[in-house]
Amino acid sequence: MTEKEGSASTSLHEQGNVSLQCPKLKEANYTQWAVMTETILKAYSLWETVFSTEGINEKKAHTTKALIFQTLPEDVLMQVAQYEKAKEVWDAIKVRYLGADMVQKARLQTLRSELEVLKMDENETVSSFASKLSGIKAKFKTLGTTIKDKKLVRKLLISVPKKFLPIVANIEQYSEIDKMPFEEAVRRIIAFEERLKSQDKQEDNNQGGLMMARADNQFESLHHGKGRGVQNYGKSKGQGSFK
């Protein structure tokens, strides 16, 4: 299989007709790389070789290393090639791109601040804003911290514009927010957003109809007024001639 730019083709077995690919690791895409690589390793039942060093099948460990190695740039590969265990390779890459504990704590604080100030713009779609929240959640995960759904749900509810207040009030009143999956909250607000769009479209159509009707009425008034003027003028002229 030919290697595509920006991705590394796995040399493992295919599941059906689907061939899984890991992205190439770059300076600015560690979060995406870690999420994708972890998912693919789990799909091949290899993730255990990364989070544990005890009782690991040797063949699985080598397969995991090979899969990771082919995603790395040359300088990083030379740095981690010395490690025998897949977990050591993974941890070394993580330290290189995320830094030591102090740097990691600083990154976490930056992410928390980013999440705190994040607000949905008036013209922004719910789907777009939800993607931003999911992206921050993924970054927390790569730093070893998990954001629970209830925090994301509450953040979503307090961040949407005022036009969403009816659905926010409905969710807060009739749902258990602390148990609601983030995707469920997003789905319900998107449904409300679609209803708003439908109402706005209907109002625009009604407004357009009223404007057209008003213009027609004005035209008819002008037309009839001119007709009467001409008739009166002719009648006056005729009377004058007769006299």
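The values are calculated or read from the model by the stated rules, or taken from the named source; none is laboratory data. Remember, predicted model here, so these are calculated numbers, not experimental data. Backbone-built Cβ (ideal geometry, glycine too); neighbour counts: all protein chains shown.
Per-structure values
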item	result
Positions within region 86-108 being more than 20 Å from K24 (Cβ to Cβ) and modelled with pLDDT under 90, in sequence order	G99, A100, D101, M102, V103, Q104, K105, A106, R107, L108
Residue within region 128-147 that is in contact with a helix residue (DSSP H, G or I) (Cβ under 9 Å, 6 or more places away or on another chain), surrounded by fewer than 14 Cβ atoms within 10 Å (Cβ to Cβ) and farther than 17 Å from Q32 by Cα present	no
Out of L46, L41, L77, sole residue that is in a loop (DSSP other than H, G, I, E, B), modelled with pLDDT of 90 or more and outside the structural domain of V153 (by TED's automatic domain parsing)	L46
Residue within region 12-19 that is at pLDDT 80 or above and either within 27 Å of the chain's Cα centre (by Cα) or among the basic types (K, R) (or both) present	no
Residue within region 84-91 that is assigned by TED's automatic domain parsing to the domain that holds E54, outside any helix (DSSP H, G or I) and either in contact with a strand residue (DSSP E or B) (Cβ under 9 Å, 6 or more places away or on another chain) or free of Cβ contacts under 8 Å to residues at least 60 places away in the same chain (or both) present	yes
Elements of type helices (runs of 4 or more DSSP H) in region 95-181, at least 2 residues being touching a residue at least 60 places away in the same chain (Cβ under 8 Å)	126-142
Q32 modelled with pLDDT under 90, in a helix (DSSP H, G or I) and of a type outside the set (G, A, S)	yes
Hey, T71 in contact with a strand residue (DSSP E or B) (Cβ under 6 Å, 6 or more places away or on another chain), within 24 Å of R107 (Cβ to Cβ), of a type in the set (V, I, T) and modelled with pLDDT of 80 or more or not	yes
Of the criteria (1) surrounded by 14 or more Cβ atoms within 10 Å (Cβ to Cβ); (2) polar (S, T, N, Q); (3) touching a helix residue (DSSP H, G or I) at 6+ places or on another chain (Cβ under 8 Å), which one Q70 fails	(3)
